[in-house]
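> Pasting a structure below so you can have a look.
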Amino acid sequence: MKLLGSFAQAVQLLLVGDREVYFIAFTSLWFSLVSVSIAALWSLPLGFILGYTSFRGRKAIVVLLNSLMAVPTVVVGLFIYSFLSRSGPLGSLGFLFTPKAVIIGQAVLCSPIIASLVYSALSRLDVRLPETLTTLGATRSQKFWMVLREARIAVASAILAGFGRVIGEVGVSMILGGNIRWYTRTMTTAIALETSKGEFERGIALGIILVSIAVIVNAALHSMVRHER
């Protein structure tokens, strides 16, 4: 009965537009969107390079990316923390326990996922495509965008997978952001905090939002795939 009561109060918080709940949700979305956008800037070209060029150490990089996909978020957070702390090489920037630190950590966290999935997608395309584009006189940048356009569904899936990785992570946000109220608190860190205090209403409300985001992202992906067919 207590759980049902907490769920009812959580729904009430959502319906009345609880300011803190929606602020935390917006903060999580903002961090995730910015970090994924930043990660895509280098992950997409890296996936393209791995998929269509041969060089020494290429297989080692692929293996490394696949291994990094499974690294726990707390390990990534600890690694970035060592650089951003006062005694670290980037401590003078003052990024620790700020939104910038969380965004940097999340960008590092999702980069291997995006690059690895893009590489896998491009490796399944017709190998003659780059050669055909070269024959037609396409520049390197034009080939990059044409290949990505051909694999746009797989690329979108990779970016959404990266988004899913960061929107639901706890370790990076907790270690680098400090879970500061009205500043760096995200949905996952808030849920952990509220649960530890035994106050489930706000945690359940944030959980509903988190699940809703996951459903929307997956629905968007399925819609893209269906439209492509």
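No value in this document is a laboratory result; all are computed from the given coordinates. It should be emphasised that the depicted structure is a prediction, and the values quoted were computed from it without experimental measurement. Using ideal geometry, Cβ is built from the backbone for each residue, glycine included, and neighbour counts are taken over all protein chains shown.
> By what distance, in whole Å, do the Cα atoms of the chain stretch along each of the three principal axes, largest value first?
Here the spans come out as 67, 50, 24 Å, largest first.
> A follow-up question, please. Compute, for the chain, the length of the dipole vector about the Cα centre, with Cβ point charges of +1 (Lys, Arg) and -1 (Asp, Glu) only. Units Debye, rounded to 20.
Values: 20 positive and 10 negative charges, 110 e Å.
Roughly 520 debye for the chain.
> Using 7 Å Cα-to-Cβ label points, what is the Phe79/Glu199 separation (nm, one decimal)?
About 3.6 nm, to one decimal.
> Report the label-to-label distance for Ala220 and Arg58 in nanometres (one decimal), using points 7 Å from each Cα along the Cα→Cβ vector.
Each label point lies 7 Å from its Cα, and together they span 3.3 nm.
> Between segment 142-181 and segment 63-132, how many Å separate their Cα centres?
So the two Cα centres are separated by 10 Å.
> Which is the longest part of the chain that has none of the chymotrypsin sites (Phe, Trp or Tyr not before Pro) sitting in a DSSP loop with at most 15 other Cβ atoms within 10 Å? Intermediate results must be reported in sequence, preceding the final value.
Numbers: sites that count: Phe55, Trp182, Tyr183.
Between exposed loop sites, the widest span is 56-181.
> For segment 93-162, state which trypsin sites (Lys or Arg not before Pro) are in a DSSP loop and have at most 16 other beta carbons lying within 10 Å of their beta carbon.
Answer by residue number: Arg124.
> On to the next question. Place a point 7 Å from Cα of Leu136 in the direction of its Cβ. Which residues in segment 45-89 have their backbone N less than 16 Å from it?
none
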